[in-house]
């Protein structure tokens, strides 16, 4: 297939490479020259604008930082809805509020273009390995239509319901993830302070009731998980500022629904402080810095 991929960062770049490995022709766009160079080296076709990529494609995949970027790419003055052919498919894998993607889908429907939200879980490791979980918000026909594309990039495809429900699932998942990562960091820091070897503590946690993804696969203490960002200076991961954004989405949605998120609000404040302290671009597991400045 001819696929446009807009947003080739830590997640999108690897996702696009998996589409290339599956034999698809991929037209890519990103603001980062470095990202475009990596994409080109993998066999992708570099384009100079989202429109230039989209006008050549049957399917568009977008992976962008925030709702304002998604809105601009789809609905802006130079938005891709102005050039897409009727019958095209659009998959937005960004994490944004449900209302924005619903608005975009409605505008696309008027042009006979189908849009679904398909945010992901699995982090940069999942993106590289092609094992992501996609949380898809779409009608039944659109979900079936996007399956072949998503299957090249992910292992689990979950149909959450109508457009927007993928985003609901994602912000709830990341609310839990932010809380669990903070809990693991707090427990690991306390154990180290009390004198237990961190490796021993992690071994206990991961064979006991404290076990979770944040402790077993992505432990925030350095050198517990060899492939985790914490073992490479918290680099090349899911940025703390993006976790802060997702927690903000969850807290905002909860306020609108008049639903309490007590732990989420507390963890949001910790990530705000982490970012203000200069760690916004480090992986979100660097929340460990809020508990100890020497986690080694």
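Where a number appears in this text, it was derived from the coordinates with a stated rule and is not lab data. Just so it is clear, the structure is predicted and the values come from calculations on it, not from any experiment. For neighbour counting, all protein chains shown are included, and Cβ atoms are generated from backbone atoms with ideal geometry for every residue, glycine included.
Taking the fewest neighbouring Cβ atoms within 10 Å as the starting point, the ordered list for 22, 32 is 32, 22.
Multiply the residue separation of residue 236 and residue 21 by 0.36 nm, subtract the distance between their alpha-carbon atoms, and state the gained length in nm to one decimal.
Computed gain between residue 236 and residue 21 is 75.2 nm.
Is the shape of the stretch 2-151 best called rounded, prolate or oblate, per the rule: a/c under 1.5 gives rounded, else a/b larger than b/c gives prolate, else oblate, with a ≥ b ≥ c the square roots of the Cα gyration tensor eigenvalues? Here the stretch 2-151 falls in the rounded category. For the stretch 59-147, the relative contact order works out to 25 percent when only alpha carbon pairs closer than 8 Å and six or more residues apart are counted.
Restricting to Cα pairs below 8 Å that are 6+ residues apart, what does the relative contact order work out to for the chain? Please round to a whole percent. Please report the intermediate quantities before stating the final value.
Numbers: 585 pairs, mean separation 38.5, N = 296.
Result for the chain is 13 percent.
What does the convex hull of the Cα atoms of the chain come to per residue, in Å³, rounded to a whole number? Can you show the working numbers first?
Details: hull volume 38.7 nm³, N = 296.
It comes to 131 Å³ per residue, whole-number rounded.
Per-residue ellipticity at 222 nm from helix content only, as computed over the chain with -39500 (n - 2.57) for each DSSP H run of at least four residues, stands at -14000 deg cm²/dmol. How far, in degrees from 0 to 90, does helix 140-150 lean away from the longest principal axis of the Cα atoms of the chain, to the nearest 10? That helix lies at roughly 70 degrees to the long axis. Note on the chain: antiparallel DSSP beta bridges, both residues inside, total approximately 15 percent of the bridges counted. With springs connecting C-alpha atoms under 10 Å apart, model the chain as a Gaussian network and identify which of 59, 70, 83 has the largest mean-square fluctuation. Judging by the Gaussian network model, the answer is 83.
The fewest-to-most ranking of 286, 207, 94, 151 by surrounding Cβ atoms within 10 Å reads 207, 151, 94, 286.
Residues considered: 198, 220, 98. Largest GNM mean-square fluctuation over the chain, using C-alpha springs under 10 Å, is found at 198.
Return the single residue from 248, 87, 154 with maximal mean-square fluctuation; model: Gaussian network over the chain, springs between Cα atoms under 10 Å. Most flexible of the set in this elastic network: 87.
May I ask you to compute the full-extension gain from residue 206 to residue 190, defined as 0.36 nm times their residue separation minus their alpha-carbon distance, rounded to one decimal in nm? It would help to have the intermediate numbers written out before the result.
Working: separation 16, 0.36 × 16 = 5.76 nm, distance 1.64 nm.
Gain in length upon complete extension: 4.1 nm.
Relative contact order for the stretch 119-185: 33 percent, from Cα pairs under 8 Å spaced at least 6 residues apart, divided by residue count.
Each of residue 75 and residue 48 was given a label point 7 Å from its Cα along the Cα-to-Cβ line. The distance between the two points is 2.9 nm.
How would 153, 11, 1 line up from fewest to most surrounding beta-carbon atoms within 10 angstrom?
Values: 153 29, 11 23, 1 15.
With the fewest neighbours first, 153, 11, 1 line up as 1, 11, 153.
Across all Cα pairs in the stretch 168-290, the calculated P(r) in 10 Å bins from zero up to the longest distance comes to 14, 45, 32, 8, 1 percent per bin. Angle of helix 262-274 to the longest C-alpha principal axis of the chain, folded into 0 to 90 degrees and rounded to 10: 90°.
Can you give me the angle between helix 12-21 and the longest principal axis of the chain, using Cα atoms only, in degrees from 0 to 90, rounded to the nearest 10? With rounding to tens, the tilt is 60 degrees. The length gained on full extension between residue 141 and residue 34, counted as 0.36 nm times the residue separation minus their Cα-Cα distance, comes to 34.8 nm.
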